[in-house]
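Enquirer: A single structure is presented below for examination.
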Amino acid sequence: MARILVVDDTAQNLTLVELYLRGTEFELVTAGGGLEGVEAALNGRFDLFLLDVMMPGIDGFEVCRRLKNDPRTAFIPVIFLTARLTDESEKLAAYQLGAVDYIQKPVNREELVARIRVMLRLEETRSRLDRENVALRRQLGQVQQAYTAAADSLRDLKQLHQEWAGGPPPSLIVIDAAARIVAADDAAGMHFGSLVVGQPLAACGHAAARLARLVEDGAHSADLALPGGGANGSGSILHVRRHALPDGRRMLLLQDVTGVRAAEQRIADREPLAVQANPADGDAPGYWMTDFVGRSQSVLELSERVARLRQSRSTVLVYGESGTGKELVARALHFDGQFRSKPFIPLHCGAIAPELIESELFGHEKGSFTGAEKARDGLFRAADGGTIVLDEIAETSLSVQVKLLRVLQRGEIRPVGQSQPRIVDVRIIAATNRDLLQLVREGRFREDLYYRLEVVTLHLPPLRERPTDLPRLVESFLVAGNRKHDRIERPVRAVSRGAMERLLAYPWPGNVRELENVIERAFALGAEDVLQEEDLPVHVLRGTPALGPTPVSRPTASSAPTVAEGERAEPTPADFRSQRDAIERQAILQAIRDSGGDKAAAAQRLGMSRSTFYRRMKDLGI
């Protein structure tokens, strides 16, 4: 029995469709609005969707777009039902979204049932062929990816073999039971300097002393890193093998494996890195903000606050640097709450000319200014009963701030050119990447409006303060990029270990938006199935952004500015590195604690190779 989901905000229309399809081979499920319909479609199994076009909140076109963009519902046919007189362009728009039919109301029962049956039969045939075609293309893509991976592995193994075969012959040192040098060849002297027969090995220099400690530790085979001995002055690595001789002496064979270890590291860096689950996920709360990716402690705390605020109408002020997701939080406050069916209108205050923003917000009367040929409701009137988001509210003029204060105090708006106010019920969510209190001190933001907005504040953490969320963000951007760039058959499926280490080491002054752009760039330039270091821009590889981060803070009233009035302290590159190192040190220590002191597990948790992990521990003084 075919299951059909009918989405319509009018109860009479739902009842009529139920009567039409009663006694047929169809099972009917109804939804009273766009968001309810999307939720039902994604959580159930359906064979066809009947969508009304005009609905509050999100209309039928937006419902169709969301369903077609989700792989779970992309193949399910959509039929639009509308009572509105439409032109051919609107029908064309519906078909371009993926609809299979567009029916004008009123429709009689026989026509509706016949169209549904025809579309289901056509869709069954088409979907079967499409799925078979997609399956074949996917198999072909997997074969091509497997071939590419095998070729890469073969190249890497050849390179590794060349390093082993082309390396220098091993050097030799013989020591007695008391660790005194009995014999040493010239090659050993090139690594350790002067090796005097009869002298204790530990007394022949710093490098020889390290070798002596390694031997005394009892290891039969181990690597020894020596500073400054490599071809580029970066150091060399000797592989030490110890052999006991019958007379109690010990023979040490020293093989220079610097090139081999470098080749092994290059191979390891190119391996795809699996995203590790956060151990805190098992203790996750029942609510997470929709579309906000992250499971770090700071995001957990943010989600808990949003969970308490999403059912209320309180004013909320959201602080966050550019690119941290302020609008996503605003959407969660609205669409995850009980007022989701009400209007939601976001506005970037800095994107509208100062002379037009008042009219845009509050509306205007006909003839109130040059070009006002007819009266127009503003955004506050359009958002009545719902939510308006004032992004970058610090960009508004003082005259507009006065009118915003009136809205917050009394719920009144006064359109340009009108003498009588109008009453609206609008929840205001303001967002900014500026320090509003400092702007108040400078006379650029009204103090009374500041206190009206600061009913509840949310502070969004910058990406550099939640590095454990970065692998999840990368994974989500890979999924989105594969869909956007039609890479379903040959997707970018993972990020290499080396590329992830570069991404984790970068400070991300542009936050999540900058990370998204970096992944988008890799797709645009044709990244293969595993995103490698060479797919990243140069400034990310070097860890030196062109612009530094602009931290957002909200000082207390008693805090004193650290720079003179009107001046701004520009951070230096050294400041950025120091800040990045402090954050990385904190992340490494937290990973070690979460892993119970197991450094190998901590390195895996952070997506770092062991060698890089230990090197960063040494660099950061851990």
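The values are calculated or read from the model by the stated rules, or taken from the named source; none is laboratory data. Predicted, not measured: the structure shown is a model, and the values here were computed from it. Here Cβ is always computed from backbone atoms with ideal geometry, including for glycine, and neighbour counts include all displayed protein chains. Accessible surface areas use protein heavy atoms only, side chains included; no ligands, DNA or RNA. Shrake-Rupley method; radii C 1.70, N 1.55, O 1.52, S 1.80 Å.
Enquirer: Pop the C-beta distance of residue 547 and residue 483 into the FRET formula with R0 = 35 Å and round what comes out to the nearest 0.05.
Expert: 0.70
Enquirer: With viscosity set to 1.306 mPa s at 10 °C, what whole-number translational diffusion coefficient in µm²/s follows for the range 49-193 from Stokes-Einstein and a Kirkwood radius over Cα pairs?
Expert: 73 µm²/s
Enquirer: Let me ask something else about it. How many lysine pairs does the chain hold where the Cα atoms are under 25 Å apart and the two sit 8 or more places apart or on different chains?
Expert: Lysine pairs, 8 or more places apart or on different chains, close enough: 14.
Enquirer: Let me know the volume per residue of the alpha-carbon convex hull for the chain, in Å³.
Expert: Considering the Cα atoms of the chain, their hull volume per residue is 224 Å³.
Enquirer: Once the mean 1/r over all distinct Cα pairs of the range 498-539 is inverted, what Kirkwood radius in angstroms do you read off?
Expert: After inverting the pairwise mean of 1/r, the radius is 10.6 Å.
Enquirer: What angle do you read, to the nearest 10 degrees and between 0 and 90, between the alpha-carbon axis of helix 34-43 and the longest principal axis of the chain?
Expert: Helix 34-43 and the main axis of the chain meet at about 50 degrees.
Enquirer: Leaving out ligands and nucleic acids, note down the accessible area per residue over the chain with a 1.4 angstrom probe, in whole Å².
Expert: 51 Å²
Enquirer: When the dipole is taken about the Cα centre of the chain, and only Lys, Arg (+1) and Asp, Glu (-1) are charged at their Cβ, what size is it in debye, to the nearest 20?
Expert: 600 debye
Enquirer: For the range 123-224, with only Lys/Arg (+1) and Asp/Glu (-1) charged at the beta-carbon, what is the dipole magnitude about the Cα centre, in debye rounded to 20?
Expert: Taking the Cα centre of the range 123-224 as origin, the dipole is about 300 debye.
Enquirer: On to the next question. Nearest-5 percent of antiparallel DSSP beta bridges in the chain?
Expert: Beta bridges within the chain, antiparallel portion: roughly 40 percent.
Enquirer: With a 1.4 Å probe and all protein chains left in place, how much of the accessible area of the chain comes from carbon and sulfur atoms, in whole percent?
Expert: 52 percent
Enquirer: Using Cα atoms only, what is the angle between the long axis of helix 470-484 and the major principal axis of the chain, expressed in degrees (0 to 90) to the nearest 10?
Expert: Once rounded, the angle reads 60 degrees.
Enquirer: Compute the separation of the alpha-carbon centres of the range 603-622 and the range 439-467 and state it in Å as a whole number.
Expert: Spelled out, the Cα-based centre of one part sits 36 Å from the other.
Enquirer: Dipole of the range 351-469, Cα-centred, from +1 at each Lys and Arg C-beta and -1 at each Asp and Glu C-beta, to the nearest 20 debye?
Expert: Using Cβ point charges on Lys, Arg, Asp and Glu, the range 351-469 gives about 260 debye.
Enquirer: Taking H placed 1.01 Å from N in the peptide plane, check which residues at least 5 places from residue 495 or on another chain put their amide H under 5 Å from its amide H.
Expert: Amide H to amide H, under 5 Å and 5 or more residues apart or across chains, residue 495 pairs with 273, 531.
Enquirer: If R₀ is 35 angstrom, what is the calculated FRET efficiency for the pair residue 15 and residue 96, using the beta carbon separation as r and rounding to 0.05?
Expert: For residue 15 and residue 96, the calculated efficiency is 0.65.
Enquirer: Relative to the longest principal axis of the C-alpha atoms of the chain, give the angle of the C-alpha long axis of helix 573-594, reported between 0 and 90° and rounded to the nearest 10°.
Expert: 80 degrees
Enquirer: For every helix of n ≥ 4 consecutive DSSP H residues, a contribution of -39,500 (n - 2.57) applies; sum these over the chain, divide by its total residues, and give [θ] at 222 nm rounded to the nearest 500 deg cm²/dmol.
Expert: Mean residue ellipticity, 222 nm, calculated: -14000 deg cm²/dmol.
Enquirer: If we count every other residue with Cβ under 11 angstrom of residue 500's Cβ, Lys/Arg +1 and Asp/Glu -1, where does the sum land?
Expert: With Lys, Arg at +1 and Asp, Glu at -1, the net is -3.
Enquirer: Bin all alpha-carbon pair distances of the range 156-241 at 5 Å intervals from 0 and give each bin's fraction as a whole percent.
Expert: Binned Cα distances yield the sequence 3, 13, 22, 26, 18, 9, 6, 2, 1.
Enquirer: In terms of modelled amide H atoms, which long-range or inter-chain residues lie less than 5 Å from the amide H of residue 237?
Expert: Correct list: 226, 257, 258.
Enquirer: Here is a further query. What residues of the range 240-254 lie in the reach of a label at residue 220, counting those whose backbone N is under 13 Å from a point 7 Å from the Cα along Cα→Cβ?
Expert: 241-245
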